[in-house]
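Q: For reference, the structure I am asking about is given below.
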Amino acid sequence: MSRRFKTRRIKANKAYRIDELADVTDVVPATVRQWLKDGMDRLDGNRPTFIMGFQALAFLEARKAKASRPLGLGEFYCFRCKAQRSALGAMADYVPTSTSGGRLKALCSVCECQCNRNVSARDMPAIRKVLEVVNRDSW
Ligand SMILES: [Zn+2]
C-alpha cells in the first residue's frame, strides 16, 4: 500500500515523543497520531505522549507484514472491508487501459462493494482460470 515508513532507526529501549517518532520513521506527526488511534501502544499516564521504541516496532512490523502479503490470483483488496477478498461469484470485468494491461473490476464477496485491481495482460490467462472474466471497453 501507499503508507511508507522506516523502522530501521527506531531504538527499542528509547522513549519517543510523537514528533520524534515521526522524524525517525520519516512520516508526519499526524501519521503517528493515526497509528496511536489504530492501536499502537504508548507509555501510560504521560503528557506529552511517549511511545517506547519496542511498542512502535511491534505495531509497525505487524503492519508491514500485513501490507506486504501479496494478493492471490483472483483476489482483490476491498477498501470498505480493509482486507483481501475474493470476487463475488468468482466474476470480474476486465477493461484494458493499455496494450500491456488493464483493470479488473469485481464485487467484494463479503460487503458487495466494488473493488478494482490493476493487472498485467500477461497474467490474464491465469486469472481467467480462477475468475469468469468479461471484457469491457469501459465501465
Ligand atoms: Zn468488502
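Every read-out reported here was derived from the displayed coordinates using simple, explicitly stated rules and does not represent laboratory data. Predicted model only: the values in this text are computed from it and were never measured. Virtual Cβ from ideal backbone geometry, glycine too; neighbours counted across all protein chains shown.
Q: What is the antiparallel percent of DSSP beta bridges lying wholly in the chain, to the nearest 5? Could you put the intermediate results ahead of the total?
A: Values: 19 of 23 bridges.
The antiparallel proportion sits near 85 percent.
Q: Right, next: Please check: in the Gaussian network model of the chain (C-alpha springs, under 10 Å), which one of Arg128, Arg47, Arg85 has the largest mean-square fluctuation.
A: Per the Cα network of the chain with a 10 Å cutoff, Arg47 tops the list.
Q: Still on this structure, please answer the following. Does the range 1-45 come out rounded, prolate or oblate, given a ≥ b ≥ c as the square roots of the eigenvalues of its C-alpha gyration tensor, rounded meaning a/c under 1.5 and, failing that, prolate meaning a/b above b/c?
A: oblate
Q: Among Pro96, Pro125, Pro29, which one shows the biggest mean-square fluctuation in a GNM of the chain, springs joining Cα atoms closer than 10 Å?
A: In this elastic network of the chain, the residue with the biggest mean-square fluctuation among Pro96, Pro125, Pro29 is Pro125.
Q: Using a basic spin-label model with each label point 7 Å from the Cα along Cα→Cβ, how many nm lie between Lys129 and Phe79?
A: 3.2 nm
Q: Can I ask one more? Report ³J(HN,Hα) in whole Hz for each residue of the range 101-107, in order, from the Karplus equation J = 6.51 cos²θ - 1.76 cosθ + 1.60 where θ = phi - 60°; Gly and Pro get x.
A: Result, ordered by residue: x, x, 10, 9, 10, 9, 9 Hz.
Q: Moving to a separate point now. Taking amide H positions as placed 1.01 Å from N in the peptide plane, with prolines and chain starts having none, which residues 5 or more places from Met52, or on another chain, fall under 5 Å of its amide H?
A: Correct list: Tyr16, Leu43.
Q: Using only the alpha carbons of the range 15-67, what is the convex hull's orientation-averaged projected area in square nanometres?
A: For the Cα atoms of the range 15-67, the hull's average projected area reads 3.4 nm².
Q: Further question: So who's got an amide H within less than 5 Å of the one on Arg136, skipping anything under 5 residues away but keeping other chains? H placed 1.01 Å off N, in plane.
A: Tyr94, Val95
Q: Calculate the tail of P(r) for the chain: the fraction of all Cα-Cα distances greater than 18 Å, expressed in %.
A: 62 percent
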